[in-house]
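Asker: The structure follows.
The values are calculated or read from the model by the stated rules, or taken from the named source; none is laboratory data. In this text the structure is predicted, and so the values were computed from the model without any measurement. Every residue, glycine among them, receives a Cβ derived from its backbone with ideal geometry; neighbour counts consider all protein chains shown.
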Ligand code: DP6
């Protein structure tokens with residue numbers, strides 16, 4: 001049998017309604033549904049080669065062979081396909097993360113979406129995108145949403161089969177995002193550990209769930225009406241509520257740094273001056289600003305008055321996953 005190859009690009013996404021907490025840690029079933037914007041600026045390219053001459057999986061990230069503890073995660077993920085589709089043989093996985101180093105953004109969303117896409121292609125499985133999103137989910141929850149472009153909902157579902165991503169809108173109505181990199185060091189507490197501690201100990205958690213479902217319904221309406229202000233206001237409020245749950249955890253924790261607060265204040269003052277820009281933050285100190293695409297360049301100039309220009313990255317709306325040719329891969 002000859003080698004079988006699949007190459008796929010997936011973009012990362014930023015949640016506007018956050019996923020924070022699992023109801024099933026093995027199946028990656030979330031407590032609440034979430035909604036994100038896929039970003040053009042950050043993506044992962046992954047090549048999967050099923051190679052009958054190999055007996056163990058190998059994993060290379062940015063041309064560096066990864067240690068066994070990293071490769072184990074890849075093996076466990078590909079085992080899901082091996083089991084369900086009776087696939088045989090070891091794989092070589094090669095990934096390139098296209099995330100500006102200054103961004104300090106986690107890449108697990110684009111990583112597992114690209115890996116799912118590349119396996120699908122290499123093994124000729126023809127899995128349709130919604131079902132593929134349930135596989136991506138098993139690598140990292142946020143990867144579910146990276147299968148599609150634009151605004152994407154991850155419906156929490158009732159089981160592993162229907163906890164999947166659904167494209168909501170292509171976000172082609174003057175939408176942009178600015179990433180303000182505050183600190184690019186690896187965080188002390190992963191999102192996985194942070195959400196687990198919050199679910200287990202924060203008395204604010206039940207309120208988060210009720211509130212997130214309401215925010216989601218209202219955000220979907222805002223998207224349908226292309227009401228940017230409403231979209232932004234819900235984005236900012238939802239992110240803040242997620243961070244509030246962490247202060248209620250035992251022990252309490254926060255991902256914020258002094259410069260995160262400086263950025264929040266700056267965005268608020270820009271808003272007072274008439275710009276429609278809204279904050280969201282994830283499991284780290286970096287600040288993401290949802291804004292109008294047409295105002296991004298001006299906003300960057302304003303932010304440069306307080307932050308170094310390398311800290312400020314502009315992103316267009318990103319597309320769905322797509323296959324890459326061998327030539328595109330070699331040209332990387
Ligand atoms: C704050 O998807 O990284 O970014 O499912 O455990 O891999 P695991 O967690 P992950 O968590 C993302 C949390 C978040 C919010 C979001 O992206 O919805």
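Asker: Being within 13 Å of the ligand (Cβ to nearest atom), part of a helix (DSSP H, G or I) and farther than 26 Å from residue 182 by Cβ, is that true of even one residue in region 97-112?
Answerer: The answer is no, given that none of the residues of region 97-112 is within 13 Å of the ligand (Cβ to nearest atom), part of a helix (DSSP H, G or I) and farther than 26 Å from residue 182 by Cβ.
Asker: Of the conditions (1) touching a helix residue (DSSP H, G or I) at 6+ places or on another chain (Cβ under 7 Å); (2) within 12 Å of the ligand (Cβ to nearest atom); (3) within 19 Å of residue 147 (Cβ to Cβ); (4) not in a helix (DSSP H, G or I), residue 8 satisfies every one except a single condition; which number is it?
Answerer: (2)
Asker: Check residue 135 against each of (1) touching a strand residue (DSSP E or B) at 6+ places or on another chain (Cβ under 6 Å); (2) surrounded by 23 or more Cβ atoms within 10 Å (Cβ to Cβ) and name the one condition it does not meet.
Answerer: (1)
Asker: Evaluate the following for residue 133: is it farther than 22 Å from residue 289 by Cβ and more than 10 Å from the ligand (Cβ to nearest atom)? Step through it out loud before you land on a result.
Answerer: Working: farther than 22 Å from residue 289 by Cβ: yes; more than 10 Å from the ligand (Cβ to nearest atom): yes.
Yes, satisfied.
Asker: Among all residue pairs at least 6 apart or on different chains, which show Cβ distances below 6 Å where the first residue, located in region 188-205, is closer than 17 Å to residue 25 by Cα and the second is within 14 Å of the ligand (Cβ to nearest atom) and at pLDDT below 95?
Answerer: 191/283; 194/283
Asker: Still on this structure, please answer the following. Tell me, yes or no, whether region 81-91 has at least one residue that is farther than 23 Å from residue 129 by Cβ, assigned to a strand (DSSP E or B) and touching a strand residue (DSSP E or B) at 6+ places or on another chain (Cβ under 8 Å).
Answerer: Yes.
Asker: Consider residue 38 against the criteria (1) touching a helix residue (DSSP H, G or I) at 6+ places or on another chain (Cβ under 9 Å); (2) outside any loop (DSSP other than H, G, I, E, B); (3) away from the ligand (no atom under 16 Å from the Cβ): it satisfies all of them except one. Which criterion is unmet?
Answerer: Result: residue 38 fails condition (3) only.
A quick yes/no check of all residues on (1) assigned to a helix (DSSP H, G or I); (2) surrounded by 16 or more Cβ atoms within 10 Å (Cβ to Cβ):
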position	(1), (2)
167	no, yes
171	no, yes
176	no, yes
179	no, yes
199	yes, yes
206	yes, no
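Asker: Which of (1) under 17 Å from residue 238 (Cβ atoms); (2) without any contact (Cβ under 8 Å) to a residue 12 or more places away in the chain is the odd one out, the single condition residue 282 does not satisfy?
Answerer: (2)
Asker: Let me ask something additional. Condition test on residue 216, is it part of a helix (DSSP H, G or I), touching a residue at least 60 places away in the same chain (Cβ under 8 Å), within 12 Å of the ligand (Cβ to nearest atom) and within 19 Å of residue 170 (Cα to Cα)?
Answerer: The answer is yes for residue 216.
Asker: Residues being under 16 Å from residue 107 (Cα atoms) and either within 21 Å of the chain's Cα centre (by Cα) or assigned to a helix (DSSP H, G or I) (or both): count how many of those fall in region 61-70.
Answerer: Qualifying residue count for the region: 3.
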